Amino acid sequence: MLRLSEFVLLLVATLQCRTAFAETGNSSDASSPESTSPAAVVAAANTCIQLQRSLGTSIVQTISSGPQYSIAANAAWSAFNHEVNFQPTCIVFVNSTEHVQTAMKAIYSNNADYVVQSGGHSGMTGWNTIQDGVLISFSNMNATSYDPQTDTISLQPGISWGNASSIVEPFGVAPVGGRISNVGTGLLLGGGLSYLSPSQGYAADNYVSVDVVLVDGTLVTATATNQYADLFKALKGGGNRFGIVTQYVVKAVHVGTEQDKIYWGGIFVYPNSSVEALLPAIAHFAQDTNDTNAVLATDFIASWGASGVEPTIQFEMFYNGSAASFNESFAEFLSIPYTSSTAGPLSYLDLVNEVNFPYGEGNLFAGSVLTGVSSTSNETSNQLIDDYIETYRLFNNFSTTYANSTEIQGTLLSFTPVLQSQIRISYEKGGNVISPPRELGGFNEVLFAVTYSEGVNQAPENIEQGRQFWIENTPRTAGLPLFANEADANQQVLASYGEYEFLKQVYAKYDPSRFNMRHTSGPLGL
Ligand SMILES: Cc1cc2nc3c(=O)[nH]c(=O)nc-3n(C[C@H](O)[C@H](O)[C@H](O)COP(=O)(O)OP(=O)(O)OC[C@H]3O[C@@H](n4cnc5c(N)ncnc54)[C@H](O)[C@@H]3O)c2cc1C
């Protein structure tokens, strides 16, 4: 017999069905499932009732039944993924891999839509929350430990990179993780770019084993050499389409403790007048630097202030070594006039805690990729530098066009170098599905982000037109991979990978009915 709360859940589902449009059917290639069809509403309600019975009402909470529901429904970094836009039918606060298996079995057998949230930092709307579906929250699964015997770090998905790095810091080690402390482990599934990447490859290149709950609830442990080696490789950049990861075991990197200030560097702030010199310097750094100790992150920021759009240019430059080596590696940047710098000795943990991006506003990402350009320039490389200038011009153009908009708070253009050393080390560690070409040298992943004002719950259409214009017109070097973690939800990132065909084959093997393409949000093209 139905309990009162179950009756309410089904009643709501039935009412929603009556008002919903005719069944939309399963989408075959959308970044989010068609979640408002009557079938989806009923499937989600039935799944939640089933899960409340098997796991209990404190683990499986609905909008009316659980004290943590609203906290979790508003936990995502981008406010576009908050409760005002998405009310999951239920949130499953998993405490163990078995809970994930139980949830996935119910979701699969009921044909329900679902989504997973770890650190909540997706820049894609609807990728870490859901309407008329089940949200699996990893907020209670955040254990992290270091094993000195194997020199590995175990990470449950709910941990942030800042917390993971702090927990293992006393051992003098760190995982290859995010550059911003409160970002979560979903970073690994998109490949992951880290301050340790020049010397360690993509973050995901450092997997030792990955526990994965497949769509039908089966648990497998994938390693580089076991029968799931294909899945292991697919999870290095393939995103969430292959199953739910419940534990990552990764190689530990010996970076020292917080007392070991092995890095030299800091944040350099440049005036707007330095832009023209900075863009070629970024292009040169990606192509000419093969020093695994040097790491660069670049932020061109426009903030909507009382006196109009205010630019800030802030570069994070670090060197694992002495000030003298820092000066040598970053000579071109240091020769460009800057207004302030925090340069000094730093520990690895200091790097991870150096910059943060606040929660609470709507955000949208878009990406591109540009080849690095050697400073021993000729005519072709000058043309390639023009691509950097045009990318910046289009970013600047967007900011000026919407300068009077009260609906935007800021924009960001960021270039992240992927050095030749990183590409080489990735291949040496077994390769990943991103698989950048070895012959083209280093390149820069480009992120264009728009931060909307507080209280703006959806991207206004006129602003969206400007963002789409940037996506369609910004230069992009053919043959280089886009970066899954910093792209628009509708960009064909996987198709830009070197191992796209392999990825499609592995997906067909592990999810033959394409359940995940039809029932959860994520990258396109499988
Ligand atoms: C401020 C900021 C800084 C960033 N810095 C970096 C950076 O330095 N380097 C970098 O590479 N990226 C960076 N990113 C991008 C970030 O890595 C991605 O957005 C990443 O997906 C976030 O992971 P998460 O766990 O925090 O997010 P979530 O939103 O929880 O998850 C992201 C996606 O992965 C899926 N997912 C998460 N965990 C699992 C799991 N265990 N199993 C299956 N699917 C799962 C989710 O469903 C969702 O689709 C940054 C993003 C922001 C907003």
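The values are calculated or read from the model by the stated rules, or taken from the named source; none is laboratory data. Because the structure is predicted, anything quoted here is derived from the model rather than measured. Glycine also receives a Cβ, built like all others from the backbone with ideal geometry; neighbour counts cover every protein chain displayed. Heads up: the accessible areas ignore ligands, DNA and RNA and are worked out on the full protein's heavy atoms, side chains in. Shrake-Rupley method; radii C 1.70, N 1.55, O 1.52, S 1.80 Å.
Numbers at a glance
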quantity: Within the range 153-170, tally of residues that are surrounded by fewer than 20 Cβ atoms within 10 Å (Cβ to Cβ), among the hydroxyl-bearing types (S, T, Y) and in contact with a strand residue (DSSP E or B) (Cβ under 7 Å, 6 or more places away or on another chain); calculated: 0
quantity: Test: T380 is of a type in the set (S, T, Y) and either farther than 30 Å from A73 by Cα or within 16 Å of the ligand (Cβ to nearest atom) (or both); calculated: yes
quantity: Among the candidates T391, T342, T371, residue that is touching a Pro at 6+ places or on another chain (Cβ under 7 Å) and either at pLDDT below 95 or polar (S, T, N, Q) (or both); calculated: T391
quantity: Residue match in the range 9-30 (condition: open to solvent by 50 Å² or more (accessible area, probe 1.4 Å), of a type in the set (K, R), at pLDDT below 95 and over 24 Å from H121 (Cα atoms)); calculated: yes
quantity: Residue ID - modelled with the lowest pLDDT, chosen from residues in the range 415-456 that are open to solvent by 30 Å² or more (accessible area, probe 1.4 Å) and either of a type in the set (A, V, I, L, M, F, W, C) or part of a helix (DSSP H, G or I) (or both); calculated: L440
quantity: Helices (runs of 4 or more DSSP H) (entirely within the range 291-360) containing at least 2 residues that are in contact with a helix residue (DSSP H, G or I) (Cβ under 8 Å, 6 or more places away or on another chain) and closer than 30 Å to H121 by Cα; calculated: 348-352
quantity: Residue under evaluation S194, criteria (1) touching a residue at least 60 places away in the same chain (Cβ under 8 Å); (2) within 26 Å of R241 (Cα to Cα), criterion not met; calculated: (1)
quantity: Selected residue [without any contact (Cβ under 8 Å) to a residue 60 or more places away in the chain, under 27 Å from M124 (Cβ atoms) and more than 16 Å from the ligand (Cβ to nearest atom)] from T57, T62, T47; calculated: T62
quantity: Spans of strands (runs of 3 or more DSSP E) in the range 171-285 with at least 3 residues surrounded by fewer than 17 Cβ atoms within 10 Å (Cβ to Cβ) and more than 12 Å from the ligand (Cβ to nearest atom); calculated: 219-223
quantity: Candidate set: the range 53-77, residues that are open to solvent by less than 20 Å² (accessible area, probe 1.4 Å) and of a type in the set (G, A, S); chosen: the one farthest from the chain's Cα centre (by Cα); calculated: G66
